[in-house]
Structures are given as C-alpha cells and as structure tokens.
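Derivation of every value follows stated rules applied to the coordinates shown; laboratory data play no part. Here the structure is a predicted model, which means the values were calculated and not measured. Cβ placement follows ideal geometry from the backbone for every residue including glycine, while neighbour counts extend to all protein chains displayed.
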Amino acid sequence: SQKEHIVSDEITREQLKDEIIAALRHSRGVSLAEANNEDMYVAVSTVVRNLLADKWIETREDTLKGNTKAVGYLSAEYLLGTQLPNAILNSGVPQKVEAAVKELGFDLNAVEDVEVEPGLGNGGLGRLAACFIDSLATKAVPAIGYGIRYTYGIFRQEFDKDGNQVERPDYWLYKGSPWEQANYRREQRVGMGGVVVTTKDGKREWKPAWQFRAIPYDYMVPGYESGRVGTLRLWSAKAVDEFDLLTFNRSQYEDAVKGQTWAESITKVLYPEDSTYVGKQLRLEQQYFFSAASLADAISLFYPGEEHPDMTTFPDKITFQLNDTHPVIAIAELMRLLIDKYGYDWDTAFSITQRTFNYTCHTLLPEALEVWDAKLMGELLPRHLEIIEQISDWAAHDQAKHGASPEAIERMRIYSNGRVRMAYLATMAGSHVNGVAELHSQLLKDITLKDFADLYPSKFTNVTNGVTPRRFMRLANPRLSELVTKTLGSEEWLNDLEQLKGLEKYADDPQFLKKFAEVKHQNKVDFADWLKRTQGVEIDPNSMFDTMIKRLHEYKRQSMKLLQVIALYNQLKSGQRDINTFQARTVIFGAKAAPGYAMAKLTIRLINNVARVVNNDPALQGKLRVVFIENYNVTSAQRIIPATDLDEQISLAGKEASGTSNMKFAINGAVTVGTLDGANVEIRERVGAENFFLFGMKVEDVEKLDGNYNPRSYYESDPDLKGAIDAIASGMFSYGDPNTYKEFTENLINKDPFMALADFREYMDIQDKIEAAYQDKQAWTRMGVLNTANSGFFTSDRSIQDYLDRVWMTGSLPQHK
Ligand code: 26Q
C-alpha cells in the first residue's frame, strides 16, 4: 500500500524528526550521529521546503487559471536575506520544527547561522522587492517575481589595516543553496546582436547574431498564514551548445569553449552601483536578458502551446510592474513580439503594451537616471532601438495632441541626440507612474517628470513603501513580538499591522513601559554579544545606541554624522562638555560604498579612523564609542535594528526618495532623528511630532539656498564645525598626515554638494535635545512605544494593497488556510 501522504499542517513532531533524519541520510548521505550544523541546515531546509510544496503547486495552478489577473514583478534586484527562519515561520508548524530540531540535539540558531544570505541587490530597491513578494504571497495575490540569479551578489566588505573598504567576491553559492530549484522545463532562449532585415511580405525581422539559454531558478515565497506560496523566478545565463564540438579543430574548440564562459558572464555579477548610472554594455545585456526571458515565460504560461495566442487579452492575465528603469527594455521586447512574431499592427501592439506595464521610480538624483547610448543599444538590440524610435515619435505626436509646446516636446524626447531615456520611455509606454513616498511622488510631478505630469496628470500616483513585519519584527525581534502578542491578545497584528495601534493605550502604563524597556535592553545585550563574537568589539549595552545604516552616499550625509561625533569628541576633550554628565553613546555605522565612488570610500576610511582614535582615548572613559559594522547586510540589519535607541535619517531634504530602514526602526520602537525627507515625513505625521526629532532645511529652504550656497561661511562662523573639520585636516585621524582626508575636507568647505554644513548647527542642537530626552528613560521608552504603536501603516502589505487599488486594479486569490 502507498505510504500515507503527510498533510503538512498536521505533521507531528515525531514525523518531522523522522523526515529530518531521512533528509540527512538521503540528501547529505550522513547519519544523525555524523551530522554537523551544515548538514542539519540542509536537511531542515529540505524538510521545510517539502512542507510547502503542495501549497506552492496549488498556488501556481490557481494563478494560471487566469480568473484573477496576476502580477509580474520585474526587478533586477532581490535582497532576500536568509531563507530558513522565514520558511519555518511560514511553514504552518514553526513550533513543531523548532522542537524537532532541538530534540535531535541541535541548536536551531546555530543551524540557521550556517546560511549565507543571497545578496542579490544593492540596498533599498532590492530589499523592497523582497518585501513585496513576501506581502504578495501573504495577501494571496497571484504573482511571480522575476529577476536575475547573479553568481556573485553584492560584494563582501572588508576593512584593511588602514580602515579602507576592500571588496571581496560574494560567492554565495559556494556550498550550493537548498532553496533554489533549476527548472529546465521552463528554459527560454534570448538573442542579442545581429541585424534587422525586411522580409518578402515587408515585415521587419530581427536576426540575432547569438543566443543564450535562460535557465530559471525557482524560489518558494511562502506567505504568512495565507496558505499560499508564491514564486520567485531568477534567470541564469548559459551558452547554447548547438555545434558538434568534435568536428572542430583545436583552435575552434578553444573558441567554442570561450563562447561558453562569455555567455555565462551575463549573470555572473551584480553591479554594485546604486546611485549613479553606469552605461556598460554588460549591464544592458543583463537587463534585456532577464526582461526578455520573463516576458517569454509569462506568455508561455498563460497561453500554453498556443502558436497564435490572442494577445489582446494579455493585460487581463498579467500586469508587469517595472522596478525602476532596469527592466524597461521589456517594453520594446513586448512590442517586438506583438508586431514581428504575432503580427499585430502598431496601434494594437502599443495599446496592449501600455496596458501591460507600470513604472515605479525610486530616485530624484538626475545622475541616477538611466540614459542609454543609442549606438550601444543599436548594436545589441537593433530591432528594439527601431521600435523605441517609433515610440519616441508616437510620444511626441501624442504630446502635441495634448497641447504640449514644442519646447516641452523637445524636453520629453525619449530618443534624441543619440540617447535613449528609459524613464521617459516607461512613462509614455505604461499606464501608471508612481513614486515611493508622498513627498517623492510630489517632487516627481514638480521636477523630475514635470512635463509629463502636466500633460498626463492621471498617470501619476503615489505608493508609499513598506516593509514586511514578518522578517523585520517577528524574526528580527522575537522579544518585542511576544510582548505585542501578549498585550494585544493575538498574533493577528502580523498580517494586519494597524492593530499595533492597540498598544497606544499602554503608553502611560508603567508596567508595560518597563517590559518594553526590558525588551530593548535585552536586544542591546544580544547585539553587544554578537558584535564581540563577530568583530571583537566591546560596547556597553547601557549606553545609547545611535545607529546609521544605509548605503554610503554623500546625499545621505554620513559625513554630517561624523562631524557631529568629532565635535562631541573635541568638546569632551577640551572640557567644554563634562564627561561626568555626558550620556554614554555608541554610534553604530553600517554602509557599503560603490567600489568606484572615491568620496564614499574615503568617508568609510575616515569613519574607521575616527573610531580608532575615539575608542582608544582613555580620557573618554569608554563613554563615546564608534563602531563600524563590517559587511552590513540584511542579516546584520536584523540584529542591529531591534537594538537601536536612536535612528539616523539625515539626508538632505529632497534627495532620499523614501527610505525603508526608517520604517523598520519605527516599528521596532526606535526614535528617529531626521530631516523632512522621503518617508520620514509620513512617519513623523503618524508617530506624532513629539515622538520624532526633526531638524534641518525643508525642500523649499534647499531650493532657496541652491545657486548661492557658500559652505565656507558656515565653516568659518561655527567653532564646533570648524573644530571638527580642522581636526580631520590636522591629521588627527591619519597618524598626523594632513593629506589623507584633504579631498574630504576640501570638498566640504568648498563644494558640499549636499549641504551638510548648512544643516550642521541644527543637527548639533537637536542632538543635545536628544541627549536630554534620553535622561528620562521612561519618557524615552514612551516615545518608542508610540513609534511602534503608530507605524502599522508601514507594512508592505499596505503598499501592496495600494498597488492593487491604484495601479494593478486586481485582487487576491481565496486564502487557503
Ligand atoms: C542602474 C544602472 C546601472 C547600474 C546600477 C543601477 C542602479 C542599481 C540600483 C541604480 C539604482 C539602484 C538602487 C536604487 C535604490 O535602492 N533606491 C532606493 O530605493 C528605495 C526603495 O524605494 C528607497 O527607499 C530609497 O530612498 C532609494 O534611494
């Protein structure tokens, strides 16, 4: 008789233990007695995957039935973080899995520590994509995430003896991954290069010069309590091997093998730039590769086996969200398929395309906008360039019809002067454009895409970012999660985060405040232990943990934070500030710099050396410490955020599109010091102005100052500021060498492109207010509680609901609990 099928939700602890032992034996070839943490990690992962398999298959079947329009999320980056803890949480039987592992004699935390996170993204945009697929699965929205399976993710950051960032390759697949599944049944072909010919019947046809295999690697995306498991499909490039190698002579053989390596280079490495556009051919190859493979996949999924599908129904089957401009070439690809392959006329093709795509913009920095050299694009994708030229002409025509002036039409040109503007293409050839926070969406309409917004106002909308509370609260902060669950009486808040509001009434309950403070303190103790273990650095859990974690960029102003630290140091040294009454502080930085961004790398070096000097100065009695977390990533974020008292969100107003760590901090009960930028605005509105330390210029102030900004005048008139910059210039942080940081100090005094000097005084003053506020521990804790209680809005579940309502116009599958 058949072995009884185990229903995953009803599996017992004993059965789980048997399954784990079986997985050890079958997939690792070891007995329980032989198994180490690594074996156990793979075995538990395998068993948890198996538990999710039925739901995965069922979710896919329901998605493809096509009764509910699906979402295709197109993103060049997914910054996933570790998989095992999240998969266990969403397995339906987390306690049983935990108990089973324990009873087999293993420490689950140690087993989970084995996992290397897939760092397939740079920062905010990539992490947002990961939060969104989590929420799509949790809300039972039929969806597929499409992206790139980079062999090397974001580099591993090390510091050398001088404090410089050194980039090490991140070969995250060194020991394989139990979470991915190569799906050869759904492989695609992607062409590049070559020429366009006109066929006998007058049609244009692209003859690519070479082809690649696109192999999908599928990841499960388990929803929380939804009974649904979505799919993340990441494409990997391989060479097409269609010649008989044996007929080649030796040199041709070697060329053929070279071709293989070259093909595989497409998905070899993630570009580590996140704020300046790099117009590299390989980058465009990556973009087209994953866009084309994803579109072909979706068409074959929704029209299986059909040679002449009715593509007019395509936008009713799936809607594609373009995560920034990185996948925008998909627009030209769909046009090509519709016209050249399926025989539609231009107007029909364009209407289908427009209804299929929507575009999310994540920036305001002009240098971050993708503008491709037409020559490069024409060599790689000649037919696509032709189509883009046509779209560009259509756009100009349509803009004129809507009453745009010739000058405005010129400014809005998608293709001109040998350049292709991807943001403009996405805006014209899709249905909706959204920014990622209220202020950002407004600035898009007022500045970056103003001409378009004036002409097509209804195209523009806002969807404020969000973060998944499963990873960033439940998994990152189990203590606070338990307190919240006990206080609210259920765990429902985890997929209905507005329920956190129920904590508000305990904000003045001393019992509750004590528990909340105790949670924070324990998290700080844990973090200090972890730091000691991993970096050998000792910090005091009784000091204030003041954290700034994000990519290193001048607009984010890590330099301003550093100037404040140095000014404090100077004051403490000179006795201007009394060390005995000084509130002990641990300033925590975490940041990677793009390898080619010299100023960012110099700032990293300086932070490390300020840390060296400050931490080793006995005069400070250990009361001011600076630590720089090496290789900041999702895994370390999950440890730092719950332990933080003060969160630094200090970008120049108008530069940070949204920010998302600000949301994670607020949910976890940290208090923010920040400017009126990005989502800070909305966070402050919700948690209350009295629970948020606001400082600095507003967007209007920045605009006024722009053009006649003179940073030197601030330097000369503010002794703290001058003292801090002079200390750097004196060689205090470079063993007496005054040249090491010359570029840094000169840049601030003479250019200061992000106006750190203009905001410095207010920043110093607000830090004094913060120090005073922190003295009243209960009042501080109360602020933290009110941050947690009022940040329910910032769940990515709400962001996804906004996309459903404002952009995708679709809904969910029934939840299968
Ligand atoms: C583009 C071309 C070539 C190479 C790289 C890139 C590239 C890669 C990544 C350009 C930009 C990025 C990432 C941008 C990013 O992370 N932006 C952030 O997005 C977050 C989510 O919306 C916001 O919260 C942040 O404010 C925004 O900076």
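Within straight-line reach of K200, meaning a Cα separation under 27 Å, sit the following lysines at least 8 residues removed in sequence or on another chain: K341.
Which order, highest average first, do 678-690, 486-498, 388-400, 707-719 follow once you tally other Cβ atoms within 10 Å for each residue and take the mean per peptide? Please report the intermediate quantities before stating the final value.
Details: 678-690: 20.2, 486-498: 16.1, 388-400: 17.8, 707-719: 13.7.
Going by the mean number of other Cβ atoms within 10 Å, highest first, we get 678-690, 388-400, 486-498, 707-719.
If R₀ is 41 angstrom, what is the calculated FRET efficiency for the pair L705 and Q576, using the beta carbon separation as r and rounding to 0.05? Each step should come with its number before you reach the end.
Working: r = 29 Å, r/R0 = 0.71.
The value I calculate is 0.90.
Shape of the stretch 476-794 from its Cα gyration tensor (a ≥ b ≥ c, root eigenvalues): rounded if a/c is under 1.5, otherwise prolate when a/b > b/c, or oblate? Cα axes put the stretch 476-794 in the prolate bin.
Backbone geometry of the stretch 708-715 corresponds, through the Karplus equation with coefficients 6.51, -1.76 and 1.60 at θ = phi - 60°, to 3J(HN,Hα) couplings of 10, 7, 10, x, 4, 5, 5, 4 Hz, x marking Gly and Pro. Database remark: amide H of L79 closer than 5 angstrom to the amide H of R127, A129, A130 (H placed geometrically; neighbours at sequence offset of 5 or more, or on other chains; Pro and chain starts carry no H). Close amide H pairs (under 5 Å, H built 1.01 Å from N) link W210 with M192, residues at least 5 positions away or on another chain. In this rough spin-label picture, where each label sits 7 Å from Cα along the Cβ direction, the W210-V525 distance is 5.9 nm. Full extension of the segment from N542 to W346, taken as 0.36 nm per residue of separation minus the current Cα-Cα distance, would add 63.8 nm. For H553, nonlocal amide neighbours, meaning residues 5 or more places apart or on other chains whose placed amide H falls under 5 Å from its own, are Q558. Partners of K514 within straight-line reach, counting lysines whose Cα lies under 30 Å from its Cα and excluding those fewer than 8 residues away in the same chain: K486, K501, K505, K524, K532, K623, K664, K769, K777.
For the stretch 471-479, backbone phi angles converted through the Karplus equation (6.51, -1.76, 1.60; θ = phi - 60°) give residue-by-residue couplings of 6, 8, 10, 4, 7, 6, 9, x, 5 Hz, Gly and Pro being listed as x.
Treating r as the C-beta distance of V371 and E407 and R0 as 22 Å, the FRET efficiency rounds to 0.65.
Please state the shape class of the chain: rounded when a/c is under 1.5, otherwise prolate if a/b exceeds b/c and oblate if not, all from the C-alpha gyration tensor.
On the way: a/c = 1.61, a/b = 1.23, b/c = 1.31.
Oblate shape, in that a/c is at least 1.5 and b/c is the bigger or equal ratio.
Within the straight-line cut-off of under 16 Å between alpha carbons, the lysines reachable from K102 are K17, sequence neighbours fewer than 8 places apart in one chain being disregarded.
Can you say what percent of the DSSP beta bridges in the chain, counting only those with both residues inside, are antiparallel? Round to 5.
Working: 34 of 79 bridges.
If I count the DSSP bridges inside the chain, around 45 percent turn out antiparallel.
Per-residue 3J(HN,Hα) values for the stretch 795-804, derived from phi via the Karplus relation 6.51 cos²θ - 1.76 cosθ + 1.60 with θ = phi - 60°, read 6, 5, 4, 5, 4, 5, 4, 5, 4, 4 Hz in sequence order (x marks Gly and Pro). Legend: residue pairs K69/K96; K280/K445; K268/K550, Cα-Cα distance threshold 31 Å; pairs beyond threshold, K69/K96.
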